[in-house]
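The values are calculated or read from the model by the stated rules, or taken from the named source; none is laboratory data. The model shown is predicted, which means the values in this text are computed figures rather than measured ones. Don't worry about glycine lacking a Cβ; one is built from the backbone with ideal geometry, like all the others, and counts go over all protein chains shown.
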Amino acid sequence: MSVTAMLQELLIRKKSAIVDKWVKIFLGYYPAESLKFLASQKDRFANPVGYTISSSAGAIFDELIGDSESSMTEALLKDVVRIRAVQEFSPSQAVRFVFDLKGVIRNEIRKEIDWIDCRDELEVLESRIDNLALIAFDSYMESRERLFRIRIDEVKARSSEAAAENGGVQNDSHVKRNG
């Protein structure tokens, strides 16, 4: 389902304010010392986290209010959520930013909601946001699973290296057990 033309036009007009407030809320989950850097440093290479969050937020918003169900939205969400997974946020902390968008939109268009009579359309939009949250949650879990697999593989590799340094791994299947 897509957003109606009147609501879409309103959201396009308010996009800058909505995205800016959404990014501020998103970055507000980081410690104060990190927040200063993440919010002020715009260079992609000096601040890949801040850059990814800032650039993805606008694109996610565009996809959300657009007419199509795009796989681009999923890719954008994965970029942001992957960062949250590596930073060891809990699942709820990692995907909360998606739900925060609902409040930002409602606050930003509060005065116009009654005027253009778009409550039903707003429910459709909020349902789409809920779907984004589900996608974000799945992506977070995939990322965490991948991280755990990497850690397990590293532990196995270190164990094998340690065993090789200590004269090889002994197979204890030939040892007769007493007991």
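Residue pairs whose Cβ atoms lie under 7 Å apart, separated by 6 or more positions or on different chains, with the first residue in the range 87-109 and touching a residue at least 60 places away in the same chain (Cβ under 8 Å) and farther than 15 Å from residue 24 by Cβ and the second outside any helix (DSSP H, G or I) and of a type in the set (Ser, Thr, Tyr), are 93/29.
Inspect the range 77-89 for any residue being part of a helix (DSSP H, G or I), out of contact with any Leu (no Cβ under 6 Å at 6 or more places or on another chain) and more than 18 Å from residue 140 (Cβ to Cβ) and give the result as yes or no. Steps first, please.
First pass over the range 77-89, keeping only residues part of a helix (DSSP H, G or I): 77-86.
Of the ones still in play, those that are also out of contact with any Leu (no Cβ under 6 Å at 6 or more places or on another chain) are 77-86.
Okay, now just the ones that are also more than 18 Å from residue 140 (Cβ to Cβ), so none.
Within the range 77-89, not a single residue is part of a helix (DSSP H, G or I), out of contact with any Leu (no Cβ under 6 Å at 6 or more places or on another chain) and more than 18 Å from residue 140 (Cβ to Cβ).
Here residue 101 does not qualify as surrounded by 15 or more Cβ atoms within 10 Å (Cβ to Cβ), of a type in the set (A, V, I, L, M), assigned to a helix (DSSP H, G or I) and in contact with a Ser or Thr (Cβ under 7 Å, 6 or more places away or on another chain). From the list 124, 95, the one residue that fits, being part of a helix (DSSP H, G or I), surrounded by fewer than 18 Cβ atoms within 10 Å (Cβ to Cβ) and not aromatic (Phe, Trp, Tyr), is 124.
When the range 48-61 is limited to residues that are more than 12 Å from the chain's Cα centre (by Cα) and in contact (Cβ under 8 Å) with a residue 40 or more places away in the chain, the one that is surrounded by the fewest Cβ atoms within 10 Å (Cβ to Cβ) turns out to be 58.
Based on this model, can you work out whether residue 111 counts as assigned to a helix (DSSP H, G or I) and modelled with pLDDT under 90? For residue 111, the condition - assigned to a helix (DSSP H, G or I) and modelled with pLDDT under 90 - is met.
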